[in-house]
Amino acid sequence: MRFSPENVARALRHLRKSDPVMAEVIRKVGPFRLLPRRGRFQSLVRSILAQQISTAVARSMLRKLEARLAPSRLSPETLGQLSFEDLRGIGLSRQKASYLQDLTEKVVNNTVRLHRLHRLTDEEIIEELIQVRGIGRWTVQMFLIFCLGRPDVFAPDDFGLRSAIRRLYRLPELPKRAEAEEIAALWRPHATVASWYLWRSLELEEA
């Protein structure tokens, strides 16, 4: 889905009314600009490549992978034609190469059915995708936000969100999961919009 102007306006009204801290963040950050990416398989590949490395390095790996597949585009079928040694040859670690192969195999044989994810609840999607090695709950939550555009996703284990909560709510230390969930309860059912504003607040702090 895409975030329609009407849904965003509804979310902003709710967040401003329910949480004064979030109202101030919205004022400082400005308009909501999250545009979910197209391509479910491609998004999961990017998520695996990006694990535990910088954004710049992950982008470089993706470019090398796409160049290796050219002139074909990245898809389960084309990626499935590359061997483990091919993936290692473009700079992927043994672990990430095995994760991509497992993702590809499970999509091709319909163990993971990407085409039907829009019919499932968030929790059902999490259960579907964590069947893939290297994909955990956090990775799927990012997929729900940045690919599927689900409106009410909060990832309490995300370090950036916890850091933003600690600073904005003047907590002495990073919040535990239960404390982060308690604060996020104020934002339901628009936790995705709130999460986006929390991430952007960190950029304001750096600036």
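The values are calculated or read from the model by the stated rules, or taken from the named source; none is laboratory data. What you see is a predicted model; the values in this text were computed from it and never measured. Counting neighbours? That spans all protein chains shown, and the Cβs are built from the backbone with ideal geometry, glycine included.
Descriptive notes on the structure:
- Exactly one residue out of Pro156, Pro189, Pro175 is part of a loop (DSSP other than H, G, I, E, B), of a type outside the set (S, T, N, Q) and under 20 Å from Asn7 (Cβ atoms), and it is Pro189.
- Filter pass, Ile90 being free of Cβ contacts under 8 Å to residues at least 60 places away in the same chain, farther than 26 Å from Glu128 by Cα and of a type in the set (A, V, I, L, M): yes
- Against the list (1) farther than 17 Å from Phe41 by Cα; (2) touching a residue at least 60 places away in the same chain (Cβ under 8 Å), the condition Glu123 fails is (2).
- Test: Arg46 is within 22 Å of Trp138 (Cβ to Cβ) and out of contact with any His (no Cβ under 6 Å at 6 or more places or on another chain): yes
- Residue tally, condition farther than 27 Å from Ser83 by Cα, without any contact (Cβ under 8 Å) to a residue 24 or more places away in the chain and either surrounded by fewer than 14 Cβ atoms within 10 Å (Cβ to Cβ) or among the small types (Gly, Ala, Ser) (or both), over the stretch 101-120: 2
Residues checked against (1) assigned by TED's automatic domain parsing to the domain that holds Leu12; (2) among the hydroxyl-bearing types (Ser, Thr, Tyr); (3) modelled with pLDDT of 95 or more:
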residue	(1), (2), (3)
His115	no, no, no
Thr121	no, yes, yes
Ile125	no, no, yes
Ile130	no, no, yes
Arg133	no, no, yes
Thr139	no, yes, no
Met142	no, no, no
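- Residues (exposed (fewer than 13 other Cβ atoms within 10 Å of the Cβ) and either assigned by TED's automatic domain parsing to the domain that holds Trp199 or not hydroxyl-bearing (Ser, Thr, Tyr) (or both)) located in the stretch 34-56: Leu35, Arg38, Gln52, Ala56
- Subset of the stretch 126-158 (residues that are touching a residue at least 12 places away in the same chain (Cβ under 8 Å) and out of contact with any helix residue (DSSP H, G or I) (no Cβ under 8 Å at 6 or more places or on another chain)): Trp138
- Screening the stretch 15-57 for residues that are of a type in the set (Gly, Ala, Ser), without any contact (Cβ under 8 Å) to a residue 40 or more places away in the chain and assigned to a loop (DSSP other than H, G, I, E, B) and picking the one that is nearest to His115 (Cα to Cα) gives Ala50.
- Taking the stretch 1-33 as the range and being buried (at least 17 other Cβ atoms within 10 Å of the Cβ) and modelled with pLDDT of 95 or more as the test, the residues that pass are Val8, Ala11, Leu12, His14, Leu15, Asp19, Met22, Val25, Ile26, Val29, Phe32.
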